[in-house]
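Notes follow once the structure below has been shown.
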Amino acid sequence: MASLKDLRNRIASVKATQKITKAMQMVAAAKLRRAQEAAEAARPYSERMGAVLANIANAVAGSDAPPLMAGTGKDDVHLLVVATADRGLCGGFNSQIARLAREHVRKLLAAGKTVKIITVGKKGFDILRRDYASLIIERIELRDVKQIGFSNADAIGKKVIALFNEGQFDVATLFYSRFRSVISQIPTAQQLIPAAPAAGETAPAAAGSAIYEYEPSAEEILGDLIPRNISVQIFRALLENVAGEMGAKMTAMDNATRNAGDMIRKLTITYNRQRQAQITKELIEIISGAEAL
């Protein structure tokens, strides 16, 4: 049985931990609103770009489509871009994204495909390297970036496009977590190359037989629009991840604070009972000694 001193030290330690988790919860709550607004603001632009891309793609014959849209005609080599957070203490946020990526990897390997992985975020690299270290060709960390900007996503997008132009892969898929609410984040897989509108980003049906003429040609527009769309989709994914990370961290730290409070109450009861038993024992010894005299 722990001594009174050990119990006092344990209670003090848990109280210190509770202060830290409470502070982290408040910081995450303060950052969540800004991150949520940024993620929600990026959605209409991303969805509209997908719709515009679909409209222009409909005007281009399959043989005239740019390589980023038409693909290589094969699906032998797959590149997985797994975007997670750079920090932990956010519940199962990172592990859910990694789990979805692992399931995708297992399916591809079982089908005899070649898989390459780029991790964006330290936690994704730490999780995936346990099983698929040999498949990771590059790791990208944004730990020092205070606020995610389009330039960060554009650098990743250009890197992916450069690998495609070098013939390093046939299909690229982006993995991230879509923010739905503070307590709910949805792990999502989105195909980047060959470029395809994400779920819910299909072009609206034409209300008639409208015919569009493109200047310059639709092929030239797609040649510039598709690379930008890839960067935009990555930027949206990074913003969704930031909002999801803050929401998950706020929930996790709130649960940790509550658990610390429960532990403090239990330890305090144990301490009081043991202290009362010790006092009772000392009183009995004093009374017994007095009676012996």
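Quick check on the stretch 174-197: of everything there that is closer than 16 Å to residue 57 by Cβ and touching a strand residue (DSSP E or B) at 6+ places or on another chain (Cβ under 9 Å), which residue is modelled with the lowest pLDDT?
The residue in question is 196.
For residues that are at pLDDT below 60 and of a type in the set (A, V, I, L, M, F, W, C), scanning just the stretch 198-220, find the one that is surrounded by the most Cβ atoms within 10 Å (Cβ to Cβ).
Filtering the stretch 198-220 for residues that are at pLDDT below 60 and of a type in the set (A, V, I, L, M, F, W, C), the one surrounded by the most Cβ atoms within 10 Å (Cβ to Cβ) comes out as 198.
Restricting to the stretch 80-112, name every residue that is open to solvent by 50 Å² or more (accessible area, probe 1.4 Å), at pLDDT 90 or above and assigned to a loop (DSSP other than H, G, I, E, B).
The answer is 111, 112.
Cβ-Cβ below 7 Å, separation at least six or inter-chain, first residue in the stretch 144-158 and closer than 16 Å to residue 81 by Cβ, second of a type in the set (Phe, Trp, Tyr): which pairs?
Close Cβ pairs (under 7 Å, with a partner that is of a type in the set (Phe, Trp, Tyr)) amount to 153/235.
Among the residues in the stretch 227-240, are any modelled with pLDDT under 90 and open to solvent by 80 Å² or more (accessible area, probe 1.4 Å)?
yes
Output the residue which, of all residues in the stretch 18-61 that are touching a helix residue (DSSP H, G or I) at 6+ places or on another chain (Cβ under 6 Å), more than 17 Å from residue 183 (Cα to Cα) and not small (Gly, Ala, Ser), is modelled with the lowest pLDDT.
Filtering first and then ranking leaves 60.
Consider residue 122 against the criteria (1) in contact (Cβ under 8 Å) with a residue 40 or more places away in the chain; (2) within 17 Å of residue 248 (Cβ to Cβ): it satisfies all of them except one. Which criterion is unmet?
The number of the failed condition is (1).
Are there any pairs, at least 6 apart or on different chains, whose C-beta atoms fall under 9 Å, with the first in the stretch 128-139 and farther than 21 Å from residue 162 by Cα and the second open to solvent by 60 Å² or more (accessible area, probe 1.4 Å) and at pLDDT 90 or above, and if so, which?
Cβ pairs passing all conditions: 129/139.
Looking at the stretch 245-293, which of its residues are of a type in the set (Ser, Thr, Tyr) and surrounded by 11 or more Cβ atoms within 10 Å (Cβ to Cβ)?
Matches in the stretch 245-293: 251, 257, 268, 270, 271.
The values are calculated or read from the model by the stated rules, or taken from the named source; none is laboratory data. The shown structure was predicted, so the numbers you read here are calculated from the model rather than taken from an experiment. Please note: Cβ atoms are built from the backbone with ideal geometry, for glycine as well, and neighbour counts cover all protein chains shown. SASA here: full protein model, heavy atoms, side chains in, ligands and nucleic acids out. Shrake-Rupley method; radii C 1.70, N 1.55, O 1.52, S 1.80 Å.
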